[in-house]
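A.B. asks: Mind having a look at this structure? Questions to follow.
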Amino acid sequence: MRAILRMATVGTSAALLLGAMSGVSWADTYDKRCFVGVDLNGRDCDTAWYNPAYGSNAVSTAGFTAQGEYLWANDHEADGRGVYIKATWSGGSAEIRNTAGAGSWQEKNLDIADGKSVSLTMCQTNAGSLINCAYATAIA
């Protein structure tokens, strides 16, 4: 009787786990980088997300450009996910939630003093939730 009960418990657990996982069709990966860009006193940071179903091209990108203090988010593919970025610095914050679909580009021109540290949160979105987040520190 105990063996039957254990088998039923294991079978039920497996069915629940597989049922919970059935909506997960892929696990995106991402590359985050920070580097000196055009503004030699600043540091740009960006993240690119990749999905194997779309080959080697990024499905979405987000970042901060120190020259002119731009925050941007680009959704490249119709993969059902959006892209989110938030910048926080001493004295302010800004965010973009780009869920407009494939080919959409959104940006904000910020006003941040040169040399200020800018904390970034860069994520994909899925049904309103933030997923696959990367964190970086840029310099305006």
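The values are calculated or read from the model by the stated rules, or taken from the named source; none is laboratory data. Predicted, not measured: the structure shown is a model, and the values here were computed from it. Note that we place each Cβ from the backbone using ideal geometry, even for glycine, and neighbour counts take in every protein chain shown. Ligands, DNA and RNA are stripped out before the accessible areas are found, and what is left, the full protein with its side chains, is counted by its heavy atoms. Shrake-Rupley method; radii C 1.70, N 1.55, O 1.52, S 1.80 Å.
A.B. asks: Do we have any residue at all in the stretch 120-131 that's of a type in the set (S, T, Y), loosely packed, with under 13 Cβ neighbours inside 10 Å and under 12 Å from the mean Cα position of the chain (by Cα)? Talk me through it step by step, then tell me what you get.
C.D. replies: Within the stretch 120-131, the first condition is being of a type in the set (S, T, Y), and the residues that meet it are 121, 125, 129.
If we keep only those that are loosely packed, with under 13 Cβ neighbours inside 10 Å too, we end up with 129.
Checking which are under 12 Å from the mean Cα position of the chain (by Cα) leaves us with 129.
Within the stretch 120-131 (the criterion being of a type in the set (S, T, Y), loosely packed, with under 13 Cβ neighbours inside 10 Å and under 12 Å from the mean Cα position of the chain (by Cα)), the answer is yes, since at least one residue qualifies.
A.B. asks: Another question, if that's okay. For the stretch 35-45, give me each residue that is in a strand (DSSP E or B) and either aromatic (F, W, Y) or out of contact with any Leu (no Cβ under 9 Å at 6 or more places or on another chain) (or both). Step through it out loud before you land on a result.
C.D. replies: Residues of the stretch 35-45 that are in a strand (DSSP E or B), as a first pass: 35, 43-45.
Across the stretch 35-45, the qualifying residues are F35, R43, D44.
A.B. asks: Name the residues in the stretch 49-70 that are out of contact with any His (no Cβ under 7 Å at 6 or more places or on another chain) and open to solvent by less than 10 Å² (accessible area, probe 1.4 Å), would you?
C.D. replies: W49, N51, A62, G63, F64, A66, listed by residue number.
A.B. asks: Taking the stretch 81-117 as the search range and keeping residues that are part of a loop (DSSP other than H, G, I, E, B) and among the hydroxyl-bearing types (S, T, Y), which one is surrounded by the fewest Cβ atoms within 10 Å (Cβ to Cβ)?
C.D. replies: Per the stated criteria, the residue is S90.
A.B. asks: Is it fair to say D75 is surrounded by fewer than 20 Cβ atoms within 10 Å (Cβ to Cβ) and among the acidic types (D, E)? Break it down stepwise before answering.
C.D. replies: Values: surrounded by fewer than 20 Cβ atoms within 10 Å (Cβ to Cβ): no; among the acidic types (D, E): yes.
No, not satisfied.
A.B. asks: In addition: Could you please find all residues in the stretch 43-97 being of a type in the set (V, I, T) and under 12 Å from the mean Cα position of the chain (by Cα)?
C.D. replies: T47, V59, T61, V83, I85, I96
A.B. asks: Of everything in the stretch 31-48, what is in contact with a Gly (Cβ under 7 Å, 6 or more places away or on another chain) and open to solvent by less than 30 Å² (accessible area, probe 1.4 Å)? Give them in sequence order.
C.D. replies: First pass over the stretch 31-48, keeping only residues in contact with a Gly (Cβ under 7 Å, 6 or more places away or on another chain): 41, 44-47.
Correct list: D44, C45, D46, T47.
A.B. asks: Considering only the stretch 46-80, state which residues are assigned to a loop (DSSP other than H, G, I, E, B), touching an Asp or Glu at 6+ places or on another chain (Cβ under 6 Å) and modelled with pLDDT under 95.
C.D. replies: First, pick out the residues of the stretch 46-80 that are assigned to a loop (DSSP other than H, G, I, E, B): 51, 55-57, 66-69, 76-80.
Now drop any that are not touching an Asp or Glu at 6+ places or on another chain (Cβ under 6 Å), which leaves 51, 66-67.
Of everything in the stretch 46-80, just one residue is assigned to a loop (DSSP other than H, G, I, E, B), touching an Asp or Glu at 6+ places or on another chain (Cβ under 6 Å) and modelled with pLDDT under 95, namely N51.
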